[in-house]
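Trainee: Have a look at this one.
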Ligand SMILES: [Zn+2]
């Protein structure tokens, strides 16, 4: 058995998602928050033909208009559209049109900036496009330290939502696989033991060998037996014409029977430690999907008038600019904004950013 087995193909997306909760608990996920290497806001201004400031964008987008002859350059950091757009973008929206600072909205730091989603992605991704495309309002620059600090508060809030909607953050519809768990634990212990043996060779006597914990020989045999039985069962299953072993499905591995416990290569142990603790039933539903679908049960028809006011009128179904609004989703987004402000006290957040701002986009994509 070579060491180059493609373990990644073994376990599908479900496995990665399954581990999210554990990662959140340990907060290791947040230590690995992706830091922005490029400037977040480049603040190019885009004007309409009539000279209205419509929106701001980055250099790349401005160049996109210029190279296609759709705009002319007005100054070092502004362009004017040559065509008549369907609407005026963010015209009149003071928050979206202001020049934005490339600093942490909480502490003002300009280094190690990440982007924070005020409404967690696990919910937002299931929201209607009219809300998702308005995301920039609720995606804010935060330094890694402030972001990591807040995420533990956010996790507590998610747990409250979990209790309120009676659905685990891991979703509903997982079927536990206790045997896989047993094999995983055995393989994990064996890998640690093997590493300790290697460490022992490298340290000097004065490094106090007593600090290196080794597993007694008898226990090692028990653990190896557990892994060996699992592996050879996989081998038997793979020979069966009707096998449906999810662990080896979609993999390119050729499983070779192991006759001796001492034969177990590290590569087999590494596969074992990635076994799923559960499988998903046909009724499985993600936490975020369930919560958002509940919030969307209540829907209203809304007409947006020329002066921007919204009229809720179920009788005007004939109007072309009628839109769907979801009052409970609005409350949900507002609650997340309130939670964010309460726990971070963002001193550098624009005073034009309001908790009660609309959650919907009125902007046409050009
Ligand atoms: Zn900060």
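The values are calculated or read from the model by the stated rules, or taken from the named source; none is laboratory data. Keep in mind that what you see is a predicted model, and the values were worked out from it rather than measured. All Cβ positions, glycine included, derive from the backbone under ideal geometry; neighbour counts span all protein chains shown.
Trainee: Of (1) more than 19 Å from residue 331 (Cα to Cα); (2) within 16 Å of the ligand (Cβ to nearest atom), residue 79 satisfies all except one. Which?
Mentor: Of everything listed in (1) more than 19 Å from residue 331 (Cα to Cα); (2) within 16 Å of the ligand (Cβ to nearest atom), residue 79 misses just condition (2).
Trainee: When segment 229-256 is examined, which residues are found to be within 17 Å of residue 182 (Cα to Cα), modelled with pLDDT of 70 or more and under 36 Å from the mean Cα position of the chain (by Cα)?
Mentor: Scanning segment 229-256 gives 230, 231, 233, 234.
Trainee: Now for a separate question. Could you please let me know if residue 69 is within 16 Å of the ligand (Cβ to nearest atom), surrounded by fewer than 15 Cβ atoms within 10 Å (Cβ to Cβ) and assigned to a loop (DSSP other than H, G, I, E, B)?
Mentor: Details: within 16 Å of the ligand (Cβ to nearest atom): no; surrounded by fewer than 15 Cβ atoms within 10 Å (Cβ to Cβ): yes; assigned to a loop (DSSP other than H, G, I, E, B): yes.
So residue 69 does not fit the description; no.
Trainee: Another question about this same structure. Find all pairs meeting these conditions: Cβ atoms under 8 angstrom apart; at least six residues apart or on different chains; first residue within segment 137-155 and in the same structural domain as residue 114 (by TED's automatic domain parsing); second residue near the ligand (Cβ under 7 Å from one of its atoms) and part of a strand (DSSP E or B).
Mentor: Once the first residue is in the same structural domain as residue 114 (by TED's automatic domain parsing) and sits in segment 137-155, its partners that are near the ligand (Cβ under 7 Å from one of its atoms) and part of a strand (DSSP E or B) give 150/142.
Trainee: Also, quick follow-up: Would a scan of segment 165-175 turn up a residue that is assigned to a helix (DSSP H, G or I) and within 21 Å of the chain's Cα centre (by Cα)? Before the answer, list the steps.
Mentor: The initial filter retains those residues of segment 165-175 that are assigned to a helix (DSSP H, G or I), namely 165.
Those still in the list that are within 21 Å of the chain's Cα centre (by Cα) too: 165.
Yes, because at least one residue in segment 165-175 is assigned to a helix (DSSP H, G or I) and within 21 Å of the chain's Cα centre (by Cα).
Trainee: Quick check on segment 99-125: of everything there that is over 22 Å from the mean Cα position of the chain (by Cα) and farther than 11 Å from residue 348 by Cα, which residue is farthest from the ligand (Cβ to nearest atom)? First the steps, then the outcome.
Mentor: Narrowing segment 99-125 to residues over 22 Å from the mean Cα position of the chain (by Cα): 99-103, 107-111.
Narrowing further to those that are farther than 11 Å from residue 348 by Cα: 99, 110-111.
Details: 99: 20, 110: 10, 111: 9 Å.
Among them, the one singled out is 99.
Trainee: Something else about it: For residue 197, only one of the following conditions fails: (1) assigned by TED's automatic domain parsing to the domain that holds residue 230; (2) at pLDDT 95 or above. What is its number?
Mentor: That leaves (2) as the condition not met.
Trainee: Considering only residues that are surrounded by 15 or more Cβ atoms within 10 Å (Cβ to Cβ) and away from the ligand (no atom under 16 Å from the Cβ), look in segment 137-167 and name the one that is farthest from residue 115 (Cα to Cα).
Mentor: 167
Trainee: For the list (1) within 16 Å of the ligand (Cβ to nearest atom); (2) more than 24 Å from residue 337 (Cα to Cα), I need the number of the one condition that residue 87 fails.
Mentor: Failing condition for residue 87: (1).
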